[in-house]
Each structure stands twice: as structure tokens, then as C-alpha cells.
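Coordinate-derived values only; no laboratory data. Values in this document were obtained by computation on a predicted structure and should not be read as measured data. Methodologically, a virtual Cβ is constructed for each residue, glycine included, from the backbone with ideal geometry; neighbour enumeration extends over all protein chains shown.
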Ligand SMILES: Nc1nc2c(ncn2[C@@H]2O[C@H](COP(=O)(O)OP(=O)(O)OP(=O)(O)O)[C@@H](O)[C@H]2O)c(=O)[nH]1
Ligand SMILES: [Mg+2]
């Protein structure tokens, strides 16, 4: 039975093409907010880190009422590292709005999300957004989208997608370019006419697939998902179908339906809607809630496997425990276990050492977001350089590959090509658009891109755009040279002095301010040569060297390079760690003892020769 009183849709696109902004417009124009209510831009980006970074990190749902239809909308992230959120969201919906920037056109993540929508056989409405851009090239972009559909082997039905043209920021949608529409009505009408209501049966046994978990300070863990079939009621008992077993006699402490940005408490829910419920212990994503007498679980959610891993260590640095609240093995383990309950694309594995955990995910940004979230919650720990996840096929080690798409100024082609070739990248396409910019495509082992982004931004002086797309596995490419500079390493505990910093001017670039407390083995800068250099950065001027008073004041120190978390993760080498606390980020050698590092190196050299 089709339920015409519901529509469930997802908004999918490449990063920054305007998904969350369009949801703002839909919320405003459907009367979700009171007249004159002040509403932030991109209200759905409610997490602190989403606001700070200006990107969506987790998929979230909202609901609006248009005429007599309730439209449930999933806003999804566009950054490739959060692709798992898109895959998960597509389980909830019967159609998708594919947003494409009127100037940028379809980009790698547009391809990824469209492919995922096809796998679920979802109808698509193409929304060309940012039509107000001075550099909009709407006809070309529409053609590029057709090409993409052909490329992904779309069916004839799929290729006959309807098109809308929007200025999401102003909240306007047009059926035809230049028509007189002044609001999003054409979009609402299109959703109603082109995307069908859910097929759902109130008389079937209940089937609710847990697709998202949230935490509510009043009721605790909240499970969100679609009630595919049946009715759910308060005070009745239900079965929880988990991965390995089914348990019975569960009752809800609350049932919710969505309205705008709020959850509304209800006593009964009907099939077809996207809903939330609380009160079920040990519920995880992928579980089904079904009838107590005759439970019928739905297939569990399948998503792509992780491609990168990082090791999370309990902090054993000399300054451990000074700045954080949670630092033991148990704390770190519990926190990571909690994370994988709601973050389906992450995995946590034990390692040979009890105080080290392997965290697997989709990319460095996803990792950085987890690390930053934990440090803000008061955790203290250390992380290693990210490495790729390999597997064996017919006795051969296979590693993940990526296609990287670059858009760079013409005069940077040489330097970028050289850098990527060194990292085993192979150019597969080059187009000179004739206006000073060039697009290039490389096929490259994912490993070669680890730590490349900041280098790329420096080399293109911030004018380069880089996107990447996972492209299967290929046989191991052998050694890939990584950072070709060494580290400046502190040789003792103490406070950084101006005098010592001045002495470093021709040795490399420092990362720390005068007055910072350092320890033996801490990385304090990047050397301008390839090997590490151990230095005394706490050195005071000897009295005998004093020439005249006040000479210290005349030296001007170059300000240190302050590395952000993302930059720290990119910078460290395999034998280094980032020490993360709520207050500080420190880089360090894994082995703090200088002599032990030396003998390790000798052993490695000996082993190679
Ligand atoms: N000129 C113009 N800018 C727009 C329009 N729609 C959105 N933007 C801007 O594009 C930027 C990205 O918008 P978001 O809504 O965050 O994009 P998003 O697709 O949700 O991004 P992610 O969730 O991170 O993938 C913001 O600076 C918006 O103000 C539009 O129609 N015209
Ligand atoms: Mg967004």
C-alpha cells in the first residue's frame, strides 16, 4: 500500500554544493519557524565542529508539512570521508534530490552518491543550485550530469530525471530558467509529484530498522529510523533483532515523530514515517524492532569497508595526565566502543598491545573529527600516522587506490606532476581550459595521498582544488617516499628560550613558542635536511657570552608555524605520534630515548643492506 501522506527524501551532492542551505529554505517556507524568529544559517549543521568547519559531518533528518503531506528530509554530508552517512541515509528514503553546483558541475562525490542512489534504485530529481553565480554554466552542467548518468549505466527511466534550478540561499526554485517563481513551491510540488510515497502496511508485523542513534539528556539513547511496516505503540512489548540474537519483551520509554527540528512525543506511530524511539537497551544501528510474537528482521545495513587506519595509544608522554580527565586504557576503549555504535563507517580493533587500539575509517578528515571530538570531551591520548588497509588476493598484497581530480593554475602543473609521480601517481587525463587553469586526473595508491593535502595547498599557493574518489584495489606499489625532511627534536625537558630559538633559524622551522614546556624526544620543528636533529631548545645564554645588556631584545624571531590537528596528523612520520590533550597538541618521537632511536635506525639500515 502506498502512503500518499508521506514523502521520504534525501539530499545528496558533492561537498559545499548547497544541501544544508536548501534545507534551511524548505524549513523556513514550510512554516517551521515562528514569524520573526531568528534562525542561524544552516541550522541542520548543529554540531560545534560542523559550524566551525562549515561542513556537514553527520546525516540528520528533519520533517516539514506541505499541504497534507509530511516530507521527511535527510540532509547528508558531501565530503568523501563521510560517505558512510550517505549510504546509511539512503536506506530511509524513496527518492533523492541530486544537487549540483551550477558552476562546478558534477564532481567526484556527485558520482559516488549517485552510484549509491542507483544501487537502491531511487528516483532522482536533479537540482542545479547556485544559479546566481556569475560563473554559472547551467547548460553545460546539465549535459555533464547526463554524461554521468550514462557513465553509471542508468536505466532509461532514471535518465528521464526532472530538473529544477535553484538559488538555495534566496529560497527560490524554478521549473524553467527565468520563470517567475519567487519561492520553493516548484520544489515542493516536484517532490510530491515525482517521488512516490512509501510502500508501507500498518497491518503487517512492525518492522523498524535502526539507522541512526542519538542521545537525549532526558531519555538517554534514542534510535532513529524508518518504520517500514506496522504500528508501534507505547505500553506494548516488542522484540529486538540484533546481529547475533533476538531478545523479547522490550517496552519503549518514549515514541517520537519529527516536526521541523523537534521530536514530538506520541503514543502511536504509523508505518511509512521516519521516527525515533527510546528505552531499548543495547540497541545498535542495523537492528530491527519487530513484533514480540513473530519478529521479522530487515536486512542489516551494508556499507563500504574502511580504507585507512590509525593507532590510538594511551598517553605515555612525560606530561601525561596533566591536562586531560580521561586517559586510561579503559576510558579510551569505552569511548571508542561508544563511537562505533553511532558511527557505522568506523571500526575499532584490538592490537597486540592492550593500551593501543586500531581505529579504521574512510579518511583523514573523519579521523581528525573523531580525535577533535574526544579531546573536547576531556580525553588525552596519542595517535599514529594514518596507514592504508591492505588485504591479500591470490597471495598478493592489495592496497586501496584512488583517482585524484585536480584543478590548478597552469604554471603549477610541473611541480604537482612531479610530486604525485614521486608518490606513485600516474596521470590519466589532462585538460587545459585555456583560461589559465588546468584539470588533471591521476590514478594513485591511497597511501600516496596521505599527508599530501597541505603540501598541495602550499605548492599551489592555496589556489588548487583537489578531490578524490576511491577506486578499488591494486597490487602493492612498493615503498612510497613520504616526508623528505627530518624533525628537530628536543633533547631534554625544560622551557623553550628565545636564545635557543634564534640559534635554530638556519636549521629549519619551529612549531613551538618561546616559554613552551618541552620534553626529551618531543618534536619541536621541521628540519631543512632529511635526517632528524636533536637540539637543546632550552639553552640559556651563558653569562660569559654577554656582550651588552639588552642585546636579546634586538633579535626578531620568526613566529613559529602553529600546526592544526589536521596538519599535525599530516606532518608526522611513521616513527612519530601526535599527543592530543584538551589543551595541547604535541608531536613526539615514538621512542623518546635518543640512544634507543639511534640503535633502532642502525638495526633498520643493517636489515636493509
Ligand atoms: N551563491 C550561492 N551560494 C550558495 C547557494 N546555496 C548555498 N550557497 C553557499 O554554498 C556554501 C555551502 O553551502 P552548504 O549548504 O553548507 O553546502 P552543503 O552541500 O550542505 O555542504 P556539505 O554538507 O559540507 O557537503 C555556503 O557558503 C552557502 O552559503 C546559492 O544558491 N547561491
Ligand atoms: Mg551540508
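Relative contact order, percent, of region 51-202 when contacts are C-alpha pairs under 8 Å separated by at least 6 residues?
Rounded, it is 17 percent for region 51-202.
From least to most packed, judged by other beta carbons within 10 angstrom and beginning with the fewest, 341, 592 follow the order 341, 592. Computed log10 I(q)/I(0) for region 10-83 at 0.14, 0.24 Å⁻¹: -0.44, -1.12, from the Debye equation with unit scatterers placed on every C-alpha and solvent omitted. Taking the longest Cα principal axis of the chain as reference, the axis of helix 19-29 is set at about 40 degrees. Fully extending the segment from residue 247 to residue 373 would add 42.1 nm, taking 0.36 nm per residue of separation and subtracting the current Cα-Cα distance.
A P(r) calculated from all alpha carbon pairs of region 391-475, with 5 Å bins opening at zero, reads 3, 15, 26, 24, 14, 8, 5, 3, 1, 0 percent.
Of 398, 367, the sequence from fewest to most neighbouring Cβ atoms within 10 angstrom is 398, 367.
The alpha carbon convex hull volume per residue for region 6-194 rounds to 117 Å³.
Spin-label model, residue 471 to residue 428: label points 7 Å out along the Cα-to-beta-carbon direction sit 0.3 nm apart. Beyond 17 Å, how much of the Cα-Cα pair distribution for region 308-388 remains, as a whole percent? Percent of Cα pairs beyond 17 Å in region 308-388: 40. Relative to the compact-globule estimate of 2.2 N^0.38 Å, the Cα radius of gyration of region 315-465 comes out at 1.32. With R₀ fixed at 30 Å, the C-beta to C-beta distance from residue 146 to residue 281 puts the FRET efficiency at about 0.05.
The mean sequence distance of close C-alpha pairs (under 8 Å, at least 6 residues apart), as a share of the length of the chain, puts its relative contact order at 10 percent. For region 6-194, DSSP calls about 35 percent of its internal beta bridges antiparallel. DSSP bridge analysis restricted to the chain gives an antiparallel fraction near 80%, rounded to the nearest 5.
Pairs of Cα atoms in region 227-354 fall into 10 Å distance bins, from 0 up to the last occupied one, in shares of 10, 31, 27, 19, 11, 2 percent. Once the Cα atoms are used to define both axes, helix 108-119 deviates from the longest principal axis of the chain by about 40 degrees. Between 0 and 90 degrees, rounded to the nearest ten: what's the tilt of helix 329-342 against the longest Cα principal axis of the chain? So the inclination is approximately 30 degrees. Remark: the residue 293-residue 217 segment gains 24.2 nm on full extension, using 0.36 nm per residue and subtracting the alpha carbon distance. When the P(r) is computed for region 411-523, the part past 24 Å accounts for 47% of the Cα-Cα pairs. Ordered by the number of other Cβ atoms lying within 10 Å of each residue's own Cβ, fewest first, 305, 85, 441 fall into the sequence 305, 441, 85.
Once the Cβ-Cβ distance between residue 65 and residue 564 is put in as r, and R0 is 45 Å, what FRET efficiency do you end up with, to the nearest 0.05? That pair, residue 65 with residue 564, gives E of 0.60. Label positions at residue 259 and residue 493, each projected 7 Å from the Cα along the C-beta direction, are separated by 6.1 nm. Given a Förster radius of 56 Å and the C-beta distance between residue 328 and residue 4 as r, what FRET efficiency does 1/(1 + (r/R0)^6) yield to the nearest 0.05? Result of the calculation: an efficiency of 0.55.
Answer rounded, prolate or oblate for region 366-439, using the Cα gyration tensor with square roots of eigenvalues a ≥ b ≥ c: rounded when a/c is under 1.5, else prolate when a/b is larger than b/c, else oblate. Since a/c reaches 1.5 but b/c is at least a/b, the shape of region 366-439 is classed as oblate.
Below 8 Å between Cα atoms, with a sequence gap of 6+, how large is the relative contact order for region 67-143 in percent?
34
What is the log10 of I(q)/I(0) for region 207-291, computed with the Debye formula using one identical point scatterer on each Cα and no solvent, at q = 0.16, 0.18, 0.24 Å⁻¹? Taking Cα atoms of region 207-291 as identical point scatterers yields -0.52, -0.67, -1.28. What is the distance in Å between the Cα centroid of region 191-262 and that of region 81-159? Here the answer is 29 Å between Cα centres. Starting from the Cα of residue 397, move 7 Å in the Cα-to-Cβ direction to define the label point; list residues of region 577-609 whose amide nitrogen is under 16 Å from there. Inside the label zone: 608.
Across the chain the C-alpha pair distances fall into 10 Å bins from zero in the proportions 3, 14, 23, 24, 18, 11, 5, 1, 0, 0 percent.
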